[in-house]
Number of protein chains: 4
Amino acid sequence: MSKKWRTAISWHFDHEAYVRGYKLADIIGNLSFTEAIYLVLKGELPTEKEKKMLDAIFVSLVEHSIAPPSVIAARAVASGGNSLHVGVGAGVLAFGEAHGGALEGAMKFLQENVDRNPEEVVKEFLDKKIRIPGYGHRYYKEYDPRSKRMFEIAKVIGFFGKYCRFAEEVEKAIEKIKGKKLVMNVDGAIAAIVSEMGFDYRLGKGFFIIGRIPGLVAHTYEELVMEKPFSKRLDEEKEVEYLGNKPRELPESFKNRN
Amino acid sequence: MSKKWRTAISWHFDHEAYVRGYKLADIIGNLSFTEAIYLVLKGELPTEKEKKMLDAIFVSLVEHSIAPPSVIAARAVASGGNSLHVGVGAGVLAFGEAHGGALEGAMKFLQENVDRNPEEVVKEFLDKKIRIPGYGHRYYKEYDPRSKRMFEIAKVIGFFGKYCRFAEEVEKAIEKIKGKKLVMNVDGAIAAIVSEMGFDYRLGKGFFIIGRIPGLVAHTYEELVMEKPFSKRLDEEKEVEYLGNKPRELPESFKNRN
Amino acid sequence: MSKKWRTAISWHFDHEAYVRGYKLADIIGNLSFTEAIYLVLKGELPTEKEKKMLDAIFVSLVEHSIAPPSVIAARAVASGGNSLHVGVGAGVLAFGEAHGGALEGAMKFLQENVDRNPEEVVKEFLDKKIRIPGYGHRYYKEYDPRSKRMFEIAKVIGFFGKYCRFAEEVEKAIEKIKGKKLVMNVDGAIAAIVSEMGFDYRLGKGFFIIGRIPGLVAHTYEELVMEKPFSKRLDEEKEVEYLGNKPRELPESFKNRN
Amino acid sequence: MSKKWRTAISWHFDHEAYVRGYKLADIIGNLSFTEAIYLVLKGELPTEKEKKMLDAIFVSLVEHSIAPPSVIAARAVASGGNSLHVGVGAGVLAFGEAHGGALEGAMKFLQENVDRNPEEVVKEFLDKKIRIPGYGHRYYKEYDPRSKRMFEIAKVIGFFGKYCRFAEEVEKAIEKIKGKKLVMNVDGAIAAIVSEMGFDYRLGKGFFIIGRIPGLVAHTYEELVMEKPFSKRLDEEKEVEYLGNKPRELPESFKNRN
């Protein structure tokens, strides 16, 4: 850090906070939260349809049951006797490759290949045995209702363009070439729409984080007010299988050393 | 965990996700993100004025420059060669007592004392030498313009009630009893409004986390795309003062031990 | 940070790293890890008995089954598709008040009261209904075998002094005054010994973190090599109880908004 | 988690804790911390030379100045008003690809290529323009004194075998083929030795984490006792360069919306 830190996001002019050039005091009460998020991330104010689209995307991610690793981590950490923010922070950490990562991966895939022939792309990936992110679901085999819903909304609002079409064509190409349908899942659908809106794939996980944080906050709060500290503790007898060594004697050479 | 995990937030009925009883597929495209957040946190859909108030609160928190510890932590972690979510998670961890904690503290103070006589309360705190959270600012000495703005909006929307009045009276009581003005800062103002909306103080830091997360995402993303890995490294010569031991010789008894 | 960062721990002299004044290159191969830890934390090299005592303390903390919240968090985060260090970091976050915090609390209690009359102290705490940290165990009711072992070792090595005696007297005083035995648990015993060694209570959780980190590393590694990504996912049907709303219809005013 | 959690690390038999089959109460006071770490990670007790080698490795990593991103993150988070463990946890998160990751990468490289011809391997990597992890240093151009020291110790103790020789041959091959020397750095040297000891590369970052944690604890503790809360705050004027928008007026359509 011999060099200065650098940023283009916000600054103080005459002791007043400005975000992307707009006075913070002016946007409070005038922008919806989603409009402010768009401004922070993109640098400009959204149009009405951009705001609507982003609202739909965040709402689709806002909460998805107690089951995923992020909630397990958040509630476990909270149960260790921590403040709300420590549990939420731990939950965010769980958003790795297998949990939210598909959105980023699918955005990268679409943004790098959208102008190519879908069948050619799919063939290339299948030949190299690389999984195409955004396709396949363990439960949905015909279509993913959430993807369908997201694309319906994108059509109504006006964000169904070349990325969405390409995403659909890839789904067809996979079925044709692989001989087995892998549905475009909700990560794939959101990835297409967000690409349509001009967002960089490297920001991909950011949508997931912002969208899901309210769910993590609610779960961590629920743990703190509903359960006792240390409630998250495995019961060895019922919940764990031990695969290790049976009891054994410490070798003589390690005994009575003090 | 011999006992089951318990939650009231969301559930699957017939393989469909429901949030607080409403089908996720139904709220997508119909609720704004802020309405969905309210639903997740409070359990019910907001009225129009509740939505507006919450929008104003989140916007007021959405980003506050590169300076605070949370952004330093987020960008430092990202510069270690990490994914976006790891940097953001580290940033959330910085939201301790001195950084966002005042909001929670001020909510607790207001909710526990709102029905008492303000001067009596202030006297009690001053006597016990306990700092009243939500008051005082190192720069603003007459009034905090952000508090003023938040209360103006609360009045227009219709959330200026007993908590806000009590918060103002406490400001006056401090000046009267202490003989020195401590302005009601923005944490104090938001605390009053959120209390007015019926939120529990233990959820206090949650508003700060949800509101500020877009700023953390933007800063971490900026670090990843704008700077080289390991860019966040202190320059010992220019940025650090060493207060420790001068070089000294290892005692003989510790030498040549292998 | 207009002011410089400050540290007394380590520095570079002529491009060579020094730790507490000793050349890093000199201590490598000459100090055991435990001796180096002592140097880093305390600022000086340990005597032989200080090294032995610290070894015993760290070994007592090194691993304590898969059950605690820290391991749950570490493995859940790893299962989200993260690198080893992200899982371990999340595990460390779980070391809150209810998980490792007792060690810090017990050190504080002992260091603040060691020169007072034990019965007077216990009476004061019981009157104020404050729990005395370091006493009580849900399973051990007569004595905690780990505390017994730690005190035996402290006696052999030569660290059984006024803190340890005070800790034992407090145990007796609790039984006498409360009429019910609360055994001095392993946190209490370690707290007494570490106080005997001259460590500040505010470093208390540090011993727990350093001692337990190898267990967290082993568990996170085991998760990564033994289990599939997303293996840590709750089974709603078998492992969760839902306490929330039944499915309900979205009010008309919220429908067809786009 | 419909399936049980699984582990081979530790277990309770008759309410007694066992680690890798040995009674915890037995290893306390008999094993050094390093021996216990070896047991936890490897599953077996170390020989005398394995213990010595591991001690040297951990000591080489134990602390490396206030400069790196991990310390910046740890101290920034602590300064937000957090407990010791939260700062340390944030520090661990900084150990990404660019900070400790080289050790894991170098282990992988050595373990996958050790039985091949070094020049062939180097040529392959250079042709593919893939950086070989463990080589190169911004300051040391002739040799890295830390690598030299580690290899000297490995020779004395008896861990200088095929991995170390291969690592040296790769250094020579790089110089020969590339026409420019890239010194084998300390990550490369440790990677070779740890491979010699039979550790899996996927555990690589674990050595870094365990070795460096005492330094992180010391820095976080120092922050908490030496500095005021919020001491870690950037000075916009002196430490930050703003690259963003100048102040601009909010468009009329966004004004007076409430």
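The values are calculated or read from the model by the stated rules, or taken from the named source; none is laboratory data. What you are looking at is a predicted structure, and each value in this text was computed from that prediction instead of being measured. Ideal geometry is used to build each Cβ from the backbone, glycine not excepted, and the neighbour counts take in all protein chains shown. For the accessible areas, the whole protein counts, side chains as well, though only heavy atoms, and no ligand, DNA or RNA atoms are used. Shrake-Rupley method; radii C 1.70, N 1.55, O 1.52, S 1.80 Å.
For the reader, a short list of remarks on this structure follows.
- Residue of chain B with the smallest Cβ distance to the axis mapping B onto C, distance rounded to whole Å: B:VAL86, 3.
- Between chain B and chain A, roughly 7200 Å² of accessible surface gets buried, counting both sides and using a 1.4 Å probe.
- Integer Hz, Karplus 6.51/-1.76/1.60 couplings in order for region A:216-226, x for Gly and Pro: 5, 4, 4, 5, 5, 4, 4, 4, 5, 9, 9
- When region C:129-256 is reduced to its Cα atoms, the Kirkwood hydrodynamic radius in Å: 19.1
- Those aspartates and glutamates that a straight Cα-Cα span of less than 14 Å connects to B:LYS42, excepting residues fewer than 8 apart in one chain: A:GLU63, A:GLU222, B:GLU50, B:GLU196, B:ASP200
- Threshold 50 Å² - residues in region C:240-258 whose accessible area is reduced by that much or more when the chain is no longer isolated, probe 1.4 Å: C:VAL240, C:GLU241, C:TYR242, C:LEU243, C:PRO247, C:ARG248, C:LEU250, C:PHE254, C:ARG257, C:ASN258
- Accessible area in the full protein assembly, largest first, 1.4 Å probe, for C:ARG138, D:ARG146: C:ARG138, D:ARG146
- For the protein assembly as shown, the fraction of 1.4 Å probe accessible surface lying on carbon and sulfur atoms is 47 percent.
- Using alpha carbons only, the radius of gyration of region C:52-143 set against its Kirkwood radius gives Rg/Rh = 1.09.
- Highest-MSF residue in chain B out of B:HIS15, B:HIS85, B:HIS137 [GNM, Cα springs under 10 Å]: B:HIS15
- Pairs from the table (B:LYS148/B:LYS180; C:LYS228/D:LYS162; B:LYS52/B:LYS176; B:LYS205/D:LYS232; B:LYS141/C:LYS4) lying more than 23 angstrom apart at Cα are C:LYS228/D:LYS162; B:LYS52/B:LYS176; B:LYS141/C:LYS4.
- Along principal axes, Cα extents of the protein assembly as shown, largest first, whole Å: 78, 76, 57
- Karplus (6.51, -1.76, 1.60) ³J(HN,Hα), θ = phi - 60°, over region A:183-194, in Hz, Gly and Pro reported as x: 5, 5, 8, 5, 4, x, 5, 5, 4, 5, 5, 5
- Efficiency of FRET between C:ARG138 and A:GLU252 - r from beta-carbon atoms, R0 25 angstrom, step 0.05: 0.10
- Residue-level accessible surface for C:LYS255, protein heavy atoms, 1.4 Å, Å²: 60
- Full-extension gain in nm, A:LYS129 to A:ARG202, via 0.36 nm per residue minus C-alpha separation: 23.9 nm
- Using the 1.4 Å probe convention, the accessible area of the protein assembly as shown works out to 38 Å² per residue with neighbouring protein chains retained.
- A P(r) calculated from all alpha carbon pairs of chain C, with 10 Å bins opening at zero, reads 6, 22, 26, 23, 14, 6, 3, 1 percent.
- Cα convex hull of region C:121-164, projected area averaged across orientations, nm²: 4.0
- Across chain D, the longest piece that holds none of the GluC sites (Glu not before Pro) lying in DSSP loops with up to 15 other C-beta atoms within 10 Å covers D:143-248.
- Threshold 30 Å² - residues in region B:147-174 whose accessible area is reduced by that much or more when the chain is no longer isolated, probe 1.4 Å: B:ARG149
- In this rough spin-label picture, where each label sits 7 Å from Cα along the Cβ direction, the C:GLU48-D:VAL156 distance is 2.0 nm.
- Averaging the Cα positions of each part gives two centres, and for region B:170-220 and region A:52-76 these lie 26 Å apart.
- In order along region D:16-31, phi translates into HN-Hα couplings of 10, 7, 10, 10, 6, x, 9, 5, 4, 4, 7, 7, 5, x, 10, 9 Hz, rounded to whole numbers, per the Karplus curve 6.51 cos²θ - 1.76 cosθ + 1.60 with θ = phi - 60° and x for Gly and Pro.
- Label zone (C:LYS228, point 7 Å along Cα-to-C-beta; backbone nitrogen cut-off 14 Å) within region A:121-142: A:137-139.
- Over region B:189-258 - Rg/Rh using Cα atoms and the Kirkwood inverse-distance radius: 1.35
- Anchor D:LYS129: aspartates and glutamates whose Cα lies under 17 Å away (excluding residues fewer than 8 positions away in-chain): D:GLU119, D:GLU120, D:GLU171, D:GLU175
- Per-residue mean of foreign Cβ neighbours for A:138-145 is 1 (Cβ atoms of other chains, 10 Å radius).
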